[in-house]
Amino acid sequence: MPTESDTPRNSTSAKSAKAIKAASKGKKKRSSDGGGLPTRRAIPWVTIGAVLVILAFIGALAYNLVPKYEDKAEADRFTPSESNQDPSSAIDGVVKIDYPAGLHVKPDQRVAYDHSPPFGGPHDGVWASCMGNVYPKPVRTENMVHALEHGAVWVAYNPDKLDAAGIDALKDRVDGQQYMLMSPYPGLDRPIALQSWGHQLEVDDPTDPRIKQFIVALRQNKYTYPEVGASCSTIPGSFDPDNPPAFDPNPPGPDAVPMDGKGLTPDSSEIAGGGMAGIPGLPGGLGELPGGAPAAPVQPAPESPAPAAPTAPAGNG
């Protein structure tokens, strides 16, 4: 039989067992409630990848569309319109002079131009082909100026001040582009000069943004050149783009035609935009084409026969 001294000892052992059991139950409960150590979460790589793809797509769109938007905005700024007839006014460095039109010299005559290269004034009766022609050698100035009167832009460069890469950069802007022409111009004080009728811009760098601005603003700008609608292609036998008249580097002599065209008769039909039927840019009233070929006379349109008088209806009686 247990003694009285064993009773407290047994009671203490029972309490200890209950405490251990209770602690074990609490530990299981905390474990089931998530109260234990935190578990590692999985990284959402699929979501991250999708976000990166979307961001890359947006970046690519911005890279491609923003420059195009800026180019369009610049083109709109320098495109002539009724409200902005001469956008070149916003281009720094453009020189403007008003010149009389329709003053033609003969193939053996020189003009005492006021600028070099010139951009207006008397000129040869035959224009240089300006259908995106890139002339490898200097061309007679008087023919080049006539092309400006037709709405072309002439890109001249000094071959001693511009390297091959610079020349190629200019050629990319001109080659094959209608109402554009390009040629070397010995003695030019700057590497590059752009001319349209009554306008000139000289620059040093072929990547200068003003080159594009000048071309957009003045090529075939109907508000700034005299012979609107005139052709830039030449009449066979009048001007050979493969063998054009040579540039004369010598100063014009005392017999050169002055800039005011003294002694010349302005071609009023050319100034008015007239010309021989079917050949835009050819002055009207010429007895022969440039180069000596006879011009076909313009035949008057045949008169329409007079309408017959109406007949009275036949009577019934």
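Across segment 232-246, what is the total count of residues that are crowded, with 20+ Cβ neighbours inside 10 Å and either more than 26 Å from the chain's Cα centre (by Cα) or at pLDDT 95 or above (or both)?
Total satisfying the criteria: 3.
If His115 satisfies all but one of (1) within 21 Å of the chain's Cα centre (by Cα); (2) part of a loop (DSSP other than H, G, I, E, B), what's the number of the condition it fails?
With respect to (1) within 21 Å of the chain's Cα centre (by Cα); (2) part of a loop (DSSP other than H, G, I, E, B), His115 is out only on (1).
Every residue, every condition in (1) among the hydroxyl-bearing types (Ser, Thr, Tyr); (2) within 16 Å of Val126 (Cβ to Cβ), yes or no:
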position	(1), (2)
Ala217	no, no
Gly229	no, no
Ser238	yes, yes
Pro241	no, yes
Asn250	no, no
Ala256	no, no
Asp260	no, no
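Quick test of your reading of the structure: Pro226 fulfils all but one of (1) modelled with pLDDT of 95 or more; (2) touching a strand residue (DSSP E or B) at 6+ places or on another chain (Cβ under 9 Å). Name the failing condition by number.
(2)
Can you report the number of residues in segment 196-222 which are touching a Ser or Thr at 6+ places or on another chain (Cβ under 9 Å) and either among the polar types (S, T, N, Q) or closer than 19 Å to Ala75 by Cβ (or both)?
So the count comes out to 11.
In this structure, does Asp76 turn out to be touching a residue at least 60 places away in the same chain (Cβ under 8 Å) and of a type in the set (Asp, Glu)?
Against the criterion (touching a residue at least 60 places away in the same chain (Cβ under 8 Å) and of a type in the set (Asp, Glu)), Asp76 does not qualify.
Which pairs turn up if I take residues in segment 245-257 that are farther than 13 Å from Asp108 by Cβ and look for partners that are of a type in the set (Val, Ile, Thr) with beta carbon separation below 7 Å, at least 6 apart in sequence or on another chain?
That search, which allows pairs on different chains as well, returns Phe247/Val139; Phe247/Thr141.
Just the residues that are at pLDDT 80 or above and either in a helix (DSSP H, G or I) or under 12 Å from the mean Cα position of the chain (by Cα) (or both), please, taken from segment 61-81.
Answer for segment 61-81, where residues must be at pLDDT 80 or above and either in a helix (DSSP H, G or I) or under 12 Å from the mean Cα position of the chain (by Cα) (or both): Leu61, Asp76, Arg77, Phe78, Thr79.
The values are calculated or read from the model by the stated rules, or taken from the named source; none is laboratory data. All figures in this text were calculated on a predicted structure; none of them were measured in a lab. Because the Cβ atoms are built from the backbone with ideal geometry, glycine has one as well, and the counts that use them run over all protein chains shown.
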